[in-house]
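The values are calculated or read from the model by the stated rules, or taken from the named source; none is laboratory data. This one's a predicted model, so the numbers in the text were calculated from it and none came from an experiment. Using ideal geometry, Cβ is built from the backbone for each residue, glycine included, and neighbour counts are taken over all protein chains shown.
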Amino acid sequence: MLRLNTQFSDNIDDPNREGGLPIVGNSVSTLTDELLWEGVKMGEDEALAEIYTRFANKLFNYGTQITHDRDLAYDIVQDVFLYMVSKKNQLGEIKSIKNYLYSSYRRKLLRVLKRNRKIKLNEDYERLDGFKMEVEAEFYALTTPLTVDVKKLLHKISNDLPIRQREIISLYFFEQLSYKEIAGIMGFSNLRSARNLLYKAINNMSEVLKKHEDILFLLPILLNMV
Amino acid sequence: MEFEPKNESDFLKNTFFIKWVSAPNDHSNRYWEKWCRNNPDKMKMFNNARLIAKNLKPVEENRIDEERFYKGLDQLILANHKSDEVKSSRHYAADKPGIFTWGRSIAASILLLGMMMVVYSIWFDKPKDVMLSMSIPIINKEAPKGIKKTVLLPDGSKVVLNSGSSISYPETFGDTRQIDLKGQAFFDVERDTARPFIVKSGELETRVLGTSFDIKAYEEQNMLHVAVVTGKVKVTTGNGIESHITPEEAVFYNRKTNALSKDFYDYELLVGWKEKILKFQDAKYEEVFEQLSNWYDVTFIIEKDVKLEGDYTGRFEDQSLKNVLMGMEYSAGIKFEIQGHKILVKSKVK
């Protein structure tokens, strides 16, 4: 079986990665989208495998936040990639591979869900409890007795927001997509509506956090975390 | 447009801030350091926002189970080859089902490609090249100092010339696609298995079928390199040393010692120039000035009392010369004075 660069792709997507300098010897991680895309168009297996390794799991996870059906979430991943390969001679220029993959993934998944009557025509989610997030509590755990309270609070953040707001926050914080890209992926008519929703989501989230400012914000300073 | 946050949310709405928290680089580090120095009253807010952005995590991270993942990848590679067969009549061993998965057969086909290249290098030798150069007009393209240039070759391959570089090639290609390079260029070669693509640059000859790679071979510089981005490349030196390199790898040739060494490389350091990224890692100041003078078409004049000791490390993306020099002044014990195309290098302490 083919195991191309799995460690490396975990590495590049790790948001905890410290320091800015790319490490010599790990330089494929800096392969630009443009070059990878050219590779796919030229029919290079390496480029294709690289993109699959970088994104297949991420797309799958994205799908499982929208539908309960894990097999379907996987099938759509394959659909998106197989379509890309079958059209490789007609592919145009793109700015971001991630943007391309996420847009087509979401579109295809929703189309199937609607066709199978899993969701109504004007709905975007089969699951309503997807895209949940928390503020990682590990580093409090070692030093404070408040762990249980903090955990509860942190789960509350995600419970309070509507799923659409949680999705936009996920794309923005975890995938680091721009307003413009998010607008394209989530099917907003323009950049401004994407930004408005994101602002609303961030304000709501901050509001919840603010109520518990004492726990969240003061502790780290006392503990010299920052 | 100054960034003036009123609360934590304003930080979180700033895309540049979010990118910095999750994937900082030299540039953004410098920016936020400076921002903090200028806004000491907003430090609490800044730290809070950073904490939230850093520790916010998805609750679920579902992954495809491993077996399915590799099955999916194999399926994809298979489809990739299937749509190839229409264009070329290459045959792959895995037409027989079972035994090998497609993943393995890639390795086999890469090996095959390597062997084909060796065969080419034996069969298609010098005589034909000589005949070629006699009958077909030669084209010269040059990128002067301060300018980068993209050249499209007769076979559809793309060459990006770095400043102060030139290439020459026949108007139409024969059995081989032969290019002469002085200076530095990035090649994106159209795949043509029947006609190897050969670049001669100083002591190095680089031979490929269809890949993308970077070659640096300035006449006045001691170090040459060939760095591969995609595909497979064979490099031969004037004294007959041969090396095969694959993505992530580069060969470095030292003119003083005639030595060829292979190593992994830092993409931005070697190929970043193509995306307007200037990067120095523990570079000698002489090298930095040499590169800057080529890049911006200026001459550096170093004053007598200036001692250029130590190394310089820095990264600039699409910056003006003035900004680059300012960045260097910040971290090195020197200052610059710009006089048209001349840059005076002065000592900071007077």
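Laid out as a table, the results:
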{"quantity": "Only listed residue being surrounded by fewer than 17 Cβ atoms within 10 Å (Cβ to Cβ), within 7 Å of chain A (Cβ to nearest Cβ) and at pLDDT 85 or above, chosen from B:Lys34, B:Lys19", "calculated": "B:Lys19"}
{"quantity": "Residue list for segment B:321-339, filter: aliphatic (A, V, I, L, M) and crowded, with 16+ Cβ neighbours inside 10 Å", "calculated": "B:Leu321, B:Val324, B:Leu325, B:Met328, B:Ala332, B:Ile334"}
{"quantity": "Condition broken by B:Asp263, with the remaining ones in (1) at the interface with chain A (Cβ under 9 Å from one of its Cβ atoms); (2) buried (at least 16 other Cβ atoms within 10 Å of the Cβ) satisfied", "calculated": "(2)"}
{"quantity": "Residues located in segment B:244-258, provided they are surrounded by fewer than 18 Cβ atoms within 10 Å (Cβ to Cβ), away from chain A (no Cβ under 14 Å) and closer than 26 Å to B:Ala283 by Cα", "calculated": "B:Asn254, B:Arg255, B:Lys256, B:Thr257, B:Asn258"}
{"quantity": "Qualifying residue in segment B:106-123 (condition: aliphatic (A, V, I, L, M), modelled with pLDDT under 90, farther than 30 Å from A:Asn89 by Cα and in a helix (DSSP H, G or I))", "calculated": "yes"}
{"quantity": "Odd one out for A:Pro15 among (1) modelled with pLDDT under 90; (2) more than 7 Å from chain B (Cβ to nearest Cβ); (3) in contact with a helix residue (DSSP H, G or I) (Cβ under 7 Å, 6 or more places away or on another chain)", "calculated": "(2)"}
{"quantity": "Any hit, segment A:169-180, residues being buried (at least 21 other Cβ atoms within 10 Å of the Cβ), acidic (Asp, Glu) and at pLDDT 80 or above", "calculated": "no"}
{"quantity": "Hits in segment B:290-320 - residues which are small (Gly, Ala, Ser) and either surrounded by fewer than 16 Cβ atoms within 10 Å (Cβ to Cβ) or over 17 Å from B:Ser331 (Cβ atoms) (or both)", "calculated": "B:Ser293, B:Gly310, B:Ser320"}
{"quantity": "Residue in segment B:214-231 that is farther than 26 Å from B:Glu287 by Cα, surrounded by fewer than 18 Cβ atoms within 10 Å (Cβ to Cβ) and of a type outside the set (Ser, Thr, Tyr) present", "calculated": "no"}
{"quantity": "Number of the exception - B:Glu286 against (1) under 18 Å from B:Ser347 (Cβ atoms); (2) under 20 Å from the mean Cα position of the chain (by Cα)", "calculated": "(2)"}
{"quantity": "Flag if B:Asp282 is acidic (Asp, Glu), loosely packed, with under 13 Cβ neighbours inside 10 Å and assigned to a strand (DSSP E or B)", "calculated": "yes"}
{"quantity": "Residue in segment A:52-66 that is out of contact with any strand residue (DSSP E or B) (no Cβ under 6 Å at 6 or more places or on another chain), among the basic types (Lys, Arg) and surrounded by fewer than 19 Cβ atoms within 10 Å (Cβ to Cβ) present", "calculated": "no"}
{"quantity": "Criterion violated by B:Asp65 - all others in (1) facing another protein chain (nearest Cβ under 8 Å); (2) under 30 Å from A:Val40 (Cα atoms); (3) not β-branched (Val, Ile, Thr) satisfied", "calculated": "(1)"}
{"quantity": "Matching entry among A:Glu38, A:Glu46 (being touching a residue at least 12 places away in the same chain (Cβ under 8 Å), facing chain B (nearest Cβ under 7 Å), more than 30 Å from A:Ala201 (Cβ to Cβ) and more than 21 Å from the chain's Cα centre (by Cα))", "calculated": "A:Glu46"}
{"quantity": "Among the candidates B:Ile77, B:Ile64, residue that is in a helix (DSSP H, G or I), β-branched (Val, Ile, Thr) and not assigned by TED's automatic domain parsing to the domain that holds B:Met328", "calculated": "B:Ile77"}
{"quantity": "Test: residue in segment A:86-102 that is out of contact with any Phe, Trp or Tyr (no Cβ under 8 Å at 6 or more places or on another chain), at negative phi, away from every other protein chain (no Cβ under 11 Å) and assigned to a helix (DSSP H, G or I)", "calculated": "yes"}
{"quantity": "Tabulated pairs, segment A:123-148, first part of a loop (DSSP other than H, G, I, E, B), second of a type in the set (Ser, Thr, Tyr) and at pLDDT 85 or above, C-beta under 6 angstrom, 6+ apart or interchain", "calculated": "A:Glu126/A:Thr67; A:Phe131/A:Ser170"}
{"quantity": "Pairs, first within 10 Å of B:Asp155 (Cβ to Cβ) in segment B:186-205, second assigned to a strand (DSSP E or B), C-beta under 7 Å, six or more apart", "calculated": "B:Val189/B:Phe197; B:Val189/B:Val208; B:Val189/B:Ser212; B:Arg195/B:Arg177; B:Phe197/B:Arg177; B:Phe197/B:Val208"}
{"quantity": "Residue among A:Leu153, A:Leu91 that is buried (at least 18 other Cβ atoms within 10 Å of the Cβ), modelled with pLDDT under 85 and hydrophobic (A, V, I, L, M, F, W, C)", "calculated": "A:Leu153"}
{"quantity": "Unique residue being outside the structural domain of A:Glu167 (by TED's automatic domain parsing) and out of contact with any helix residue (DSSP H, G or I) (no Cβ under 7 Å at 6 or more places or on another chain) when the list is A:Asp124, A:Asp75, A:Asp79", "calculated": "A:Asp75"}
{"quantity": "Residue among B:Thr206, B:Thr211 that alone is closer than 18 Å to B:Ser166 by Cα, among the hydroxyl-bearing types (Ser, Thr, Tyr), assigned by TED's automatic domain parsing to the domain that holds B:Leu153 and within 20 Å of the chain's Cα centre (by Cα)", "calculated": "B:Thr206"}
